[in-house]
Amino acid sequence: MTPDELLEIAETERESQKRFTHRVNVCLAAGCVSCQSQAVKDALDSDIARRGWGDHCQAKGVGCMGLCSEGPLVSTGVLTGNDRLYKRVAAADAAEILDSIDGAPVSRLRCPTDVPFFQRQKKIVLENSGVIDPERIEDYIAAEGYQALIQALTEMTPREVVEQVMASGLRGRGGAGYPTGLKWSTVAKSFGVQKFVICNADEGDPGAFMDRSVLESDPHRVLEGMLIAAYAVGSSDGYIYVRAEYPLAIKRLRAAIRQAERAGLLGANICGTRFSFKIDLRLGAGAFVCGEETALIASVEGKRGTPRARPPYPAMEGLQGQPTLINNVETFANIAPIIRKGGEWYAQVGTEKSKGTKVFALAGRVQNTGLVEVPMGITLREMVFEIGGGIPDGRKFKAVQTGGPSGGCLPEEVLDQPVDYESLARLGSIMGSGGMIVIDESSCMVDVAKYFMDFCMTESCGKCTPCRVGTYQMHRILSSITEMTATPQDLAMLEEFCDLLKHTSLCGLGQSAPNPVVSTLKSFAAEYKSHIEDHTCPAGVCGKQPGGART
Amino acid sequence: MLTFAKPAPPNDDKRWRLVDATMRRHGQQSRGLIEALHTVQEAFGYLDDLSLRYVATSLRVPLSRAYGVATFYHFFTLKPAGKHTCVICTGTACYIKGAPLLLDAIQKDLGVLPGETTPDGKVSFLTARCLGSCGLAPAVVYDQQVAGKVSAQALREHLSQWTRHDA
């Protein structure tokens, strides 16, 4: 495909879309699909056909619209500037929505969009989510898709691409926050007969679904990011390592790869240049540790996913011993806009050291659960109480958990701190991949710490002793605390284990496994104390009944 | 030079062709092991002794490595699943919103632990680390169908439909 052909496709697609004066967007991402949004779309389709509106009205399946707890979501008036969002739509509501398309909105289904949940967001990664049809490449191209790739291939040298990414200040969105430009330049400089680009879509953190939504809503954006990366570092082979637990994301990725190959945007001599690149999918098989890059590489090679000591880093010696660039889905999703609009444009958003936006999966005991993209530097309070809409059922806020099993629980006192890599690390948590779970007074923090330790214990790969044995021992002590049989000596031992695991484990899983315990010990020491000394659980969760909060 | 003849499929079941196709796509190399096992599980429902041996010999990896991989990853199962499957999500959001109550209910009603199938082979009870449907917590998957905001009561009713009728 040549640049002109791409523009032509974009133009034709925009022309063909112009004939529609009305469009009804239906969310067809996994959250809404499980609330039967496909049936809503089918009902709209057949009703439009029955009315003979096919020439000017279109029902379109789109990606995630964000407010997953209120699905299925439907929006109308996108073309007429008369935006309306409807929530909890059933197939039976189709006729009513179409009836009201030019008139007054259906108030019983109306979901207000002038609330902070929508207004406080800034969309870069999710700019196409809920807008384009993820299963059609033409729609992506019409929304400026693949323009950044053509721009990079025809107007920029690989070095200039890396420089733009460096200038953007983008940092790895998988959690650790390593500067992306630096990683790219290391791989670009490394010598190897072959280089690989791997997209880490093994979103293992419980309570995180950002990558799934991006893959389901805008798969081509990830492919484009990988293509640009491959051009920048000089790679010809790419892999996407995606969780087998995400069947819809896999289906859409497969379709997207096929479409891109047919359009000549993947394969040999892309856009008539000497650059060739192919992408293959690899399905994960349910091992959390495979999110760690060396374990992921072992898994792509068909082995058990056990990590190895670094250095050498994958940037020097990765897949098949060759230089390998591994980035997270969201990192790749940021690349196309950075190239299109320039690294400096991107660097305007965010804080001094954490640039750009971050997608969070907001869940737990909070009014609005779903997917949000916010500029770095927003405070935790704004996240929980403005965007999240506060705690439901009149209960009291207790903590917000970020970073999954590797992160920590942050109490009320630090809610005014900004969300960026440094601040969260200073508070004893991590940015992580973007899971943000709100916990209210009905949960016991010792029980929550035990939950995460149980996770790490089960997911420990067993290769290094501190992690394999340490997580088991820490879980045992936490269990004894929740069963009210622990002694103060046990608590001292627990603290010692935290230190031991952090400093002696082989990979990030073991090194960060104590984080939930350390952070709860720091902020909720009184809860530990009352379990041990008074044999009572302040939240009333622990004891004889099974752990966890009551609904 | 040593030559290697790929073994013939263990029997004339047509599904072996799918497995062969996957292994061919990966050049009959050991790196295709996980993908081949995925295909076996998709085609046959689980990995048994026969299929593990066949895949291992075809890809020229020791049986111990094939078994190691099959048992390392949670997604692979070495036992046939029941007629229905019920997966309870135990991700953080679901845990906070009451997944433990669901686990308790199902264990009491069916008398089986996570990962087990009822003795009559009707229902398999599994847990998932996170389905990524956190907006719908607590979430349950009944036979591939995700259900959101499930209460223990609703779960019990759904299970009784499976166990009562021969549905």
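Data for the structure
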read-out: Helix-only [θ]222 nm of chain B, DSSP H runs n ≥ 4, -39500 (n - 2.57) each, per residue, nearest 500; value: -13000 deg cm²/dmol
read-out: Sorted by Cβ neighbour density within 10 Å, fewest at the top, the residues A:Met484, A:Met453; value: A:Met484, A:Met453
read-out: Longest segment of chain B lacking trypsin sites (Lys or Arg not before Pro) that sit in a DSSP loop with at most 14 other Cβ atoms within 10 Å; value: B:61-167
read-out: Residues A:Thr471, B:Thr3, B:Thr22, sorted so that the one with the fewest Cβ neighbours within 10 Å comes first; value: B:Thr3, B:Thr22, A:Thr471
read-out: Relative contact order of segment B:15-72, defined on C-alpha pairs under 8 angstrom at six or more residues apart (%); value: 32
read-out: Percent of C-alpha pairs per 5 Å bin, segment A:215-338, short to long; value: 2, 11, 20, 23, 22, 15, 7, 2, 0
read-out: Convex hull volume per residue in cubic angstrom - Cα atoms of segment B:84-164; value: 73
read-out: Label point distance in nm, A:Ser276-B:Ala21, each placed 7 Å from Cα along Cα→Cβ; value: 2.5
read-out: Chain B, relative contact order [Cα under 8 Å, separation at least 6], %; value: 18
read-out: Ellipticity estimate at 222 nm from DSSP helix runs (n ≥ 4, -39,500 (n - 2.57)) divided over chain A, nearest 500; value: -12000 deg cm²/dmol
read-out: Beta bridge orientation in the protein assembly as shown: antiparallel %, DSSP, nearest 5; value: 50
read-out: Angstrom value of the Kirkwood radius, inverse mean 1/r, which spans all Cα pairs in segment A:445-533; value: 12.6
read-out: Relative contact order of segment A:445-533, pairs being alpha-carbon contacts under 8 Å that are 6 or more residues apart, as %; value: 37
read-out: Whole-number Å³ per residue for the convex hull built on Cα positions in segment A:54-102; value: 89
read-out: For q = 0.14 Å⁻¹, Debye-computed log10 I/I(0) when each Cα of segment A:322-402 counts as one equal scatterer; value: -0.61
read-out: Whole-Hz couplings from phi, Karplus 6.51/-1.76/1.60, listed for segment A:74-86; x for Gly and Pro; value: 9, 10, 10, x, 4, 7, 8, x, 10, 4, 9, 10, 10
read-out: Rg(Cα)/(2.2 N^0.38 Å) for segment A:19-115, N = residue count; value: 0.97
read-out: Fewest-first sequence of B:Thr71, A:Thr369 by Cβ atoms within 10 Å of each Cβ; value: B:Thr71, A:Thr369
read-out: Integer Hz, Karplus 6.51/-1.76/1.60 couplings in order for segment A:126-138, x for Gly and Pro; value: 9, 4, 9, 5, x, 10, 9, 7, x, 9, 10, 5, 4
read-out: Segment A:83-203 - convex hull of alpha carbons, volume per residue in Å³; value: 201
read-out: Debye log10 I(q)/I(0) for segment B:15-72, one point scatterer per Cα, at q = 0.12, 0.18 Å⁻¹; value: -0.20, -0.48
read-out: Mean projected area in nm² (Cα convex hull; one quarter of hull surface) for segment B:8-167; value: 10.5
read-out: For residues of B:67-74, the mean tally of beta carbons on other chains within 10 Å; value: 5
read-out: Rounded to whole Å, sorted largest first: equivalent-ellipsoid semi-axes of segment A:332-478, Cα gyration tensor; value: 29, 22, 13
read-out: Antiparallel bridge percentage (DSSP; both residues within segment A:137-294; nearest 5); value: 15
read-out: Segment B:124-167, Rg to Rh (Cα coordinates; Rh as Kirkwood inverse mean 1/r); value: 0.98
read-out: 10 Å Cβ neighbours from other chains, averaged over peptide B:76-86; value: 0
read-out: Simple spin-label estimate for A:Asp416 and A:Thr154 in nanometres, 7 Å along Cα-Cβ; value: 5.3
read-out: Inter-chain Cβ neighbour average for residues B:31-38, partner chain, 10 Å; value: 5
read-out: Long-range amide H partners of A:Ile240 with built H, under 5 Å; value: A:Cys199, A:Asp280, A:Leu281, A:Arg282
read-out: Whole-Å semi-axes of the ellipsoid equivalent to the protein assembly as shown (Cα gyration tensor, √5λ, descending); value: 36, 33, 29
read-out: Cβ-derived FRET efficiency at R0 35 Å, B:Glu42 paired with A:Ala92, nearest 0.05; value: 0.45
read-out: Segment A:Asp42-A:Asp534, extension gain: residue separation times 0.36 nm, minus the distance between their alpha carbons; value: 171.2 nm
read-out: Projected-area average for segment A:5-53 over all orientations - Cα convex hull basis, square nanometres; value: 4.6
read-out: Label-point separation, A:Phe191 to B:Lys6 (7 Å along Cα→Cβ), nm; value: 3.8
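Taken together, the values in this text are just the output of simple stated rules run on the coordinates, not laboratory data. As the structure is a prediction and not an experimental result, all values here were calculated from the model. When we count neighbours, we look across all protein chains shown, and the Cβ atoms used for this are built from the backbone with ideal geometry, even at glycine.
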